[in-house]
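Visitor: Got a structure for you, written out below as structure tokens; questions coming shortly.
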Amino acid sequence: MNNCRRHIRFLLLSAAVVAAPLSAAQAQDVNAALERFKALWEEQGMAIEWENAAISGDDAVLENVTVTSAGEDFEVSNIAFEDISDDPEGYRVRSITMDDFEVEGEDGFYAAVSGIGMNNVLMPNDDVRDNYGGFIFYENAHVDEARISVDGVDVASMTNSQITITPPVSGAPISYTGSVEKFFVDLSLAKDNEQWPIIEALGYQQISGSIKSSGKWNPQDGDFELTETNITINDAGTLGMSFTLGGYTRELIASLREIQQQMADDPEADSTAQGMAALGLMQQMSFRSAEISFTDDSLTSKVLELVAQMQGMSKTDVAAIAKGAVPFAVSQLGDSDFTASTTQAVSAFLDNPKVIRITAKPANDVPFALIMAEGMSTPQGLIKTLNVKVTAND
């Protein structure tokens, strides 16, 4: 299992390297460009080396790249940069692609990734980098396929994942859309887990689905909105998430980057102080709204039927017992109105499983500092502070 985790981590690191453009506009300045490239990733706690840099005009290929992170080395395939140009805001690269690669490990582990690339990449100068989120900006990135197998059997895959980002224009927010057309997971690897009989009984030995996400960030005022992230599992349901925050400003990004750089410069140092400093900075942000939802696609009915079968009861009786348990569980939070509305929502959902939502939308922005303080002293008070509600089938 540790070996599998190591190789999976390798895949993530390898895919991440493609996100870095070469900061050079002239072939004669290649040495400075490569040092800049390395320095950017060192800020992220990664050391990058390559055996050779093949430069041809405004194009470049980094050959036999090696990434070192947390003391471990990972060999990465070649990375090609096409049409590198200078720009008043930094350096632009029309496209970056990584060679397809495969990894073979112990215990029959095998992984393959293909079609990794980015388009319209900007590595902003230090004076404007925080307008783009503090690091490298790109308008499109994609991975055509990633696949993991054990002993020749596919256990996980992801097809046609991509993200598109709009650049900031005249103070308008940066917006993004992302998607994974299809993912697949074979849960039979969990046969030794005590939950496997339940997974098998529900018919989810193998699951597939898709992911969609969108959001926006305004560097001018620091407003950040995760408009949606919907994870759909076929023949089960869709888990949806969204939130809106204030205060994620360029100044905050710069301060967080300084702390990250300190930690990268001295990885052996006690990180407690830096962690507390980062936590203090995050308190400058404010909470505006959040929502978690579940849209049913037969999962609820399957669970009720399974429990009914296990207990020798009818599905209606199981639902009635669940409804009765809700007020006792929620009443521990000490808010009678919230208990009543939650009980009503859960009952409506169990009677007719469509969608159930948990929302938090206070009348005014709530500083993170206040949320943390109240969470430590009187956490039940957050229900009213954040105006938390549970609704169903709305």
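Every number here is computed from the coordinates shown, using simple stated rules; none is lab data. Because the structure is a prediction, the values reported are computed rather than measured. Glycine also receives a Cβ, built like all others from the backbone with ideal geometry; neighbour counts cover every protein chain displayed.
Visitor: If the only charges are +1 at each Lys and Arg Cβ and -1 at each Asp and Glu Cβ, what is the size of the charge dipole of the chain around the Cα centre, to the nearest 20 debye?
Guide: It works out to roughly 1960 debye.
Visitor: Another question, if that's okay. With a ≥ b ≥ c taken as the square roots of the eigenvalues of the C-alpha gyration tensor of the range 111-200, please select rounded if a/c is under 1.5 and otherwise prolate if a/b is larger than b/c or oblate if it is not?
Guide: It comes out prolate by the Cα gyration axes.
Visitor: Would you mind computing the Rg to Rh ratio of the chain from its alpha-carbon coordinates, Kirkwood style for Rh?
Guide: My calculation puts Rg/Rh at 1.01.
Visitor: Another question, if that's okay. Does the range 137-292 classify as rounded, prolate or oblate by the C-alpha gyration tensor (a ≥ b ≥ c root eigenvalues; a/c under 1.5 gives rounded; else a/b over b/c gives prolate, otherwise oblate)? If you can, show how the numbers build up before the last one.
Guide: Numbers: a/c = 2.06, a/b = 1.59, b/c = 1.30.
Prolate is the answer for the range 137-292, as a/c is 1.5 or above and a/b outweighs b/c.
Visitor: Considering the chain as a Gaussian network with a 10 Å cut-off on Cα pairs, which listed residue, Gly152, Gly90, Gly280, attains the greatest mean-square fluctuation?
Guide: Gly152
Visitor: Springs between alpha-carbon atoms under 10 Å, Gaussian network over the chain: tell me which of Gly105, Gly312, Gly246 tops the mean-square fluctuations.
Guide: Gly312
Visitor: Oh, and also: Which whole-angstrom value gives the distance between the alpha carbon centres of the range 158-211 and the range 319-388?
Guide: So the separation of the two Cα centres works out to 27 Å.
Visitor: Can you sort Ser85, Ser170, Ser213, Ser56 from fewest to most other Cβ atoms within 10 Å of each residue's own Cβ? If you can, show how the numbers build up before the last one.
Guide: On the way: Ser85 12, Ser170 4, Ser213 18, Ser56 8.
Ordered by Cβ neighbours within 10 Å, fewest first: Ser170, Ser56, Ser85, Ser213.
Visitor: Taking neighbour Cβ counts within 10 Å as the exposure measure, how do Leu62, Leu189 sort from fewest upward? Mind showing how you got there, number by number?
Guide: Numbers: Leu62 24, Leu189 15.
Listing Leu62, Leu189 from fewest to most nearby Cβ atoms yields Leu189, Leu62.
Visitor: Multiply the residue gap between Gln262 and Asn125 by 0.36 nm, knock off their C-alpha separation, and tell me the result in nm, one decimal place.
Guide: 47.3 nm
Visitor: Where does the charge balance sit around Pro219 when Lys and Arg score +1, Asp and Glu -1, over other residues with C-beta under 10 Å from its C-beta?
Guide: -2
Visitor: Related question: Per 0.36 nm of contour for each residue apart, how much would the distance between Ile199 and Ala329 grow if the chain were fully extended, relative to their Cα-Cα spacing? Don't jump to the answer; show the numbers that get you there.
Guide: Details: separation 130, 0.36 × 130 = 46.80 nm, distance 2.55 nm.
That works out to 44.2 nm of additional length.
Visitor: Now for a separate question. Run the numbers for Ala373 and Asp154: contour at 0.36 nm per residue of separation, minus the present Cα-Cα distance, in nm.
Guide: Difference between extended and current length: 74.1 nm.
Visitor: Would you work out which of Phe368, His142, Pro219 lies farthest towards the positive end of the dipole of the chain, given +1 charges on the beta-carbon of Lys and Arg and -1 on that of Asp and Glu, about the Cα centre?
Guide: About the Cα centre, the residue reaching furthest to the positive side is Phe368.
Visitor: Let me ask something additional. Going by how many other beta carbons lie within 10 Å of each one, how would you line up Ile259, Ile148, fewest first?
Guide: By the 10 Å Cβ count, ascending, the order reads Ile259, Ile148.
Visitor: Right, something else. Pick from Trp50, Trp41, Trp196 the residue whose mean-square fluctuation is largest in a GNM of the chain, springs joining Cα atoms under 10 Å.
Guide: Trp196
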